[in-house]
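A quick write-up on the structure given underneath.
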Amino acid sequence: MVTLRIAWRALQKNRMRAGLTILGVVIGIAAVTTMVSIGESAGGLIQGQFEALGTNVIVVMPGTGQRGGVRQGALPSLTSDDAAAIANDCPSVLAASPLVGASGQVIHGNNNWNPKEMFGVGPDYLLVRNWLLRVGGFFTERDVLAADKVCVIGQTVAERLFQTTNPIGQSVRIRNIPFRVIGVLAAKGANIVGDDQDDVVLMPYTTVRKRLFGSGFDDVHAIMVSARSVTTMAEAENEIRNLLADRHRIAPGEPNDFRVQNTTEIANVLGVITGTMTAMLASIAGISLLVGGVGIMNIMLVSVTERTREIGIRMAVGAKGRDILLQFLVESVLLSCVGGVLGFLLGVAGSTGITMAINAWSSGTDWPVVISIPAATVAILFAAFVGIFFGFYPARRASRLDPIEALRYE
């Protein structure tokens, strides 16, 4: 404690110099804390968005054909019977829903709105997407079989068309066909790219196919599948591939006419990319810590030169070389630790401010504010190491001064 008090008093005598010395450490710690926190915030946002997509979701899409080496686009290779077979015959699958995309204006009274998303889906779509209803109900298998003109709308559509009126039981027109609103979805907010997930209208896929498209075919645009658990995702994918290959009579060695995409794998890849970018940025920011360490060493060398006579007096009254070494090491570590704490506080403020600015700039995107305590702890410990490493040479030089020569120094 005595050594610490002496070190603190020595630093207070040259506050301006001490402040400029720790500036590099402050900037380094702040940069590391900010970069890592922003990176973890982005990772948390990505993970949250994929969780909002649904529970262990697997997306089955039509394959692409080629003619003369030229890609021809998606083939109409999936049917609602495929979705039913996946749900019934794949043990690792919890539920499956066909998906048919549509578009059009939704009209109620004098109000009209063009939703970003309009889908025809099956009764288990909400189970696959892990989506709840705010009010009302969802259509049933009977509605699907009868191609009933019913729909469930998102929160944004409800606000645009009905304002404060209860939408349940109300009639809307889509392509001049009347639909009865039977439910309103719970709010999900914006997705990772800022698109409003609540700006959606859901209808039975048979209704979309027959009444909006006037089609008698059974093809669907995609099949949304939910595996029973994260651990059975790979098994569910294999079961789906084998089942569809058998149903579509695809011979061994021939390319499939469908694609199976695992959203968890996409989330993991994005997480790896985000983590790599965070580590790279943190490493670059960490260079400023080394710059700060060099600054500490330079100032400590100057301090040893300026206090040579003081060192000689202390040695003359009985101080050992290790006492002098410890004093200058403590001063160096104290500079680094003070800079580390100030840098951490500045990093917290910086990451919070940047996150709030991103949320304000990207309407509908809710980046979580994440303060990386482990990263800050490691950064502060590294700052202490920098203080020891770069302070050791000046401290060792001071401890090896000859007392007589030091007393004669002017």
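The values are calculated or read from the model by the stated rules, or taken from the named source; none is laboratory data. The shown structure was predicted, so the numbers you read here are calculated from the model rather than taken from an experiment. Quick reminder, even Gly has a Cβ in these numbers, built from the backbone with ideal geometry, and neighbours come from all protein chains shown.
Considering each residue of segment 100-122, count those that are in contact with a Gly (Cβ under 7 Å, 6 or more places away or on another chain) and surrounded by 21 or more Cβ atoms within 10 Å (Cβ to Cβ), and give that number.
If we filter segment 100-122 for residues that are in contact with a Gly (Cβ under 7 Å, 6 or more places away or on another chain), which is where we start, we get 100, 102, 118-119.
In the following step, the residues that additionally are surrounded by 21 or more Cβ atoms within 10 Å (Cβ to Cβ) were identified as 100, 118-119.
Total meeting the criteria: 3.
Taking first residues from segment 343-358 that are of a type outside the set (A, V, I, L, M, F, W, C) and partners that are surrounded by fewer than 19 Cβ atoms within 10 Å (Cβ to Cβ) and at pLDDT below 85, the Cβ contacts under 7 Å between residues at least 6 apart in sequence or on separate chains come to SER351/ILE371; THR352/VAL369; THR355/TRP367; THR355/VAL369.
Applying the selection to segment 125-158, what residues are in a loop (DSSP other than H, G, I, E, B) and surrounded by fewer than 15 Cβ atoms within 10 Å (Cβ to Cβ)?
The initial filter retains those residues of segment 125-158 that are in a loop (DSSP other than H, G, I, E, B), namely 130-132, 137-140, 147-149, 154.
The answer is LEU132, GLY137, THR140.
Considering the conditions (1) surrounded by fewer than 17 Cβ atoms within 10 Å (Cβ to Cβ); (2) within 18 Å of VAL144 (Cβ to Cβ), ARG175 is excluded by exactly one of them, (2).
Condition check: surrounded by fewer than 16 Cβ atoms within 10 Å (Cβ to Cβ), outside the structural domain of LEU185 (by TED's automatic domain parsing) and either over 30 Å from VAL294 (Cα atoms) or at pLDDT below 75 (or both). Does ASN88 satisfy that? So ASN88 does not fit the description; no. Which residue is surrounded by the most Cβ atoms within 10 Å (Cβ to Cβ), if the candidates are limited to segment 323-362 and must be of a type in the set (Ser, Thr, Tyr) and under 17 Å from the mean Cα position of the chain (by Cα)? Ranking the candidates gives SER351 first.
When ASN238 is tested against (1) part of a loop (DSSP other than H, G, I, E, B); (2) without any contact (Cβ under 8 Å) to a residue 24 or more places away in the chain; (3) within 35 Å of the chain's Cα centre (by Cα), just one condition goes unmet, and that condition is (1).
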